[in-house]
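Asker: If you scroll down you'll find the structure; I have some questions about it.
The values are calculated or read from the model by the stated rules, or taken from the named source; none is laboratory data. This is a predicted model, so every value here is computed, not measured. Neighbour counts are summed over all protein chains in view; Cβ atoms, including those assigned to glycine, are modelled from backbone coordinates with ideal geometry.
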Amino acid sequence: MPPTPTVIESAVSSNEPLLSVRDLRVSFALDEGLVRAVDGTSFDVMPGQVLGVVGESGCGKSVTMRAILQLVEKPGRITSGTIRFRRRDSNEAVDLAQLPPRGAAMRDIRGAEIALIPQEPMAAFSPVHTVGDQIIEAILLHGHRWQAGGRKLSRGEARDITVGLFRDVGISMPEQRVDAYSWQLSGGLRQRAMIAMALSCKPRLLIADEPTTAIDVTTQAQVLALLRDLQAKYNTAIIFITHDLGVIAQMASYVVVMYLGRIMEEGPVDEIFHAPKHPYTRALLQSIPSLYGQTRVALPVISGALPHPFNRPPGCPFHPRCPDVMERCSAAVPKLEPVAANQLASCFLHHDKAEAE
C-alpha cells in the first residue's frame with residue numbers, strides 16, 4: 001500500500017506570509033529595446049490561501065510566477081525586488097530572487113516546496129518517458145518528503161506512491177495509466193497527471209498557470225473541483241492564474257488584478273466582484289456574459305488594446321483605455337494604496353498619491 005499523504009505542519013505562524021513579493025521587476029533586454037514584463041509588483045500569499053491573479057493576456061501574470069521559481073528564460077532576468085519564501089523547516093524566510101537559478105538550494109525548493117501546474121501539460125511532459133516514470137523520478141529526487149527515519153525510498157515504493165496520487169486525482173485504472181505516455185492520454189487525464197506530479201512532493205505552495213485553458217468545460221469543472229478538494233486535504237496555498245473571472249469566483253479568496261506588469265487592484269474576492277474600485281477591474285467584470293443579459297445585444301468590451309511592449313504609455317499604464325481618464329493620469333503613476341477597508345487600488349480616482357519618478 002502507498003504511504004498515506006499527511007500534512008506537515010509549518011513551523012511558522014499562520015499570521016506570517018508564506019510568500020512575500022516586494023517591488024518585483026523582470027525585464028527582457030531585446031535588440032528592439034527593453035521590455036518591462038513585471039514592473040514593481042508586490043503581494044503576499046498566506047499559508048493555505050488561494051490567491052487569484054487575473055488580467056488580460058500579456059499583462060505579466062505568468063512571468064511573475066516564473067520569476068518566483070527562477071524559471072525566467074533568457075534574455076529575461078529579475079532586475080530588482082525580493083521574493084521571500086518561508087521554507088517548511090525554517091522560521092526564517094529565504095529571498096528566492098537572490099538564489100542562483102541552477103543552484104542546489106533553488107532546486108531543492110522548486111518542485112518540492114513550490115510546484116507548478118503549467119498551462120499546457122502536453123508540452124510539460126516528456127513524450128519519450130511514461131508519465132509515471134517522470135513522477136517517480138521527482139519523488140525519488142525529493143524522497144525525504146515521504147520517508148520517515150532517514151531511509152531512502154525504493155523505486156517500487158515511489159511507484160506505489162504515484163499510483164496512489166493517480167487515484168487521488170481521479171485517474172481511472174491508475175495501475176495501468178502510470179505506464180502510459182502523455183500522448184496516449186486525453187487532455188483531461190494529462191491535466192490530472194500534471195496535478196499529481198505537482199503534488200508528488202507535498203509542496204507548501206502550488207502555482208496553477210491557467211490549468212483549465214486547454215480542456216473542455218465539463219473537464220474544467222472537474223479539475224476545479226479536484227483542486228479545491230486537494231487544497232482542503234493538503235492545506236496547500238495556491239496561486240491561481242487565469243483571465244477567467246468566473247474561475248476566480250469559484251477558486252480564490254483573495255484577488256490581484258494585473259495590467260502591463262503592475263497591480264491595478266487587490267482585495268478579497270467578494271469586494272472585488274461586488275465593489276470594484278479600479279476602472280480596469282470594472283471593465284473586466286462588465287465584459288463577462290450574463291445569463292440575465294439582453295439577447296442580440298453586443299457585449300461590453302474594453303476599448304483599445306494592450307500597448308506595444310516597446311511603447312509603454314507614460315503615467316498610469318491603463319489611461320489610454322480608461323473611460324474615467326483625467327489629465328493627471330497621463331503624467332504620473334498612481335501608487336497602490338488602500339481605498340476601502342480591505343482593498344487597494346492604483347488609481348487617482350480614489351487617492352492623490354503618485355509614485356516617485
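Asker: For the subset of the stretch 1-55 comprising residues that are surrounded by fewer than 22 Cβ atoms within 10 Å (Cβ to Cβ) and hydroxyl-bearing (Ser, Thr, Tyr), which member is modelled with the lowest pLDDT?
Answerer: Thr6
Asker: From the list Ala305, Ala275, which residue is surrounded by fewer than 21 Cβ atoms within 10 Å (Cβ to Cβ), closer than 28 Å to Met46 by Cα and small (Gly, Ala, Ser)?
Answerer: Going through Ala305, Ala275 in turn, the sole match is Ala275.
Asker: Please go through the stretch 176-212 and give me each residue that is assigned to a loop (DSSP other than H, G, I, E, B), more than 18 Å from Thr242 (Cα to Cα) and either touching a Leu at 6+ places or on another chain (Cβ under 9 Å) or not polar (S, T, N, Q) (or both), ordered by number. It would help to see each step written out before you state the result.
Answerer: Initial filter on the stretch 176-212 (assigned to a loop (DSSP other than H, G, I, E, B)): 178-180, 185-186, 200-204, 210-212.
Okay, now just the ones that are also more than 18 Å from Thr242 (Cα to Cα), so 178-180, 185-186, 200-204.
Hits for the stretch 176-212 are Val178, Asp179, Ala180, Leu185, Ser200, Cys201, Lys202, Pro203, Arg204.
Asker: Let me ask you something else. Residues in the stretch 302-340 that are within 27 Å of Arg22 (Cα to Cα) and assigned to a loop (DSSP other than H, G, I, E, B): how many?
Answerer: 21
Asker: Going by the structure shown, is Arg84 out of contact with any helix residue (DSSP H, G or I) (no Cβ under 8 Å at 6 or more places or on another chain) and either not in a loop (DSSP other than H, G, I, E, B) or not aliphatic (A, V, I, L, M) (or both)? Don't jump to the end; show me each part of the working.
Answerer: On the way: out of contact with any helix residue (DSSP H, G or I) (no Cβ under 8 Å at 6 or more places or on another chain): no; either not in a loop (DSSP other than H, G, I, E, B) or not aliphatic (A, V, I, L, M) (or both): yes.
The answer is no for Arg84.
Asker: Kindly establish whether Pro101 is modelled with pLDDT of 90 or more and either more than 23 Å from Val178 (Cα to Cα) or among the basic types (Lys, Arg) (or both). Please lay out each step first, then the result.
Answerer: Details: modelled with pLDDT of 90 or more: yes; either more than 23 Å from Val178 (Cα to Cα) or among the basic types (Lys, Arg) (or both): yes.
So Pro101 passes the test.
Asker: Please specify each residue of the stretch 226-251 satisfying the condition of being over 16 Å from Pro268 (Cα atoms) and either of a type in the set (D, E, K, R) or in a helix (DSSP H, G or I) (or both). Spell out how you get there, then give the answer.
Answerer: Of all residues in the stretch 226-251, those over 16 Å from Pro268 (Cα atoms) come to 226-236, 242-244.
Result: Leu226, Leu227, Arg228, Asp229, Leu230, Gln231, Ala232, Lys233, Tyr234, Asp244.
Asker: Moving to a separate point now. Only residues that are touching a helix residue (DSSP H, G or I) at 6+ places or on another chain (Cβ under 6 Å) and small (Gly, Ala, Ser): list them for the stretch 234-252, please.
Answerer: Selection gives Ala252 alone.
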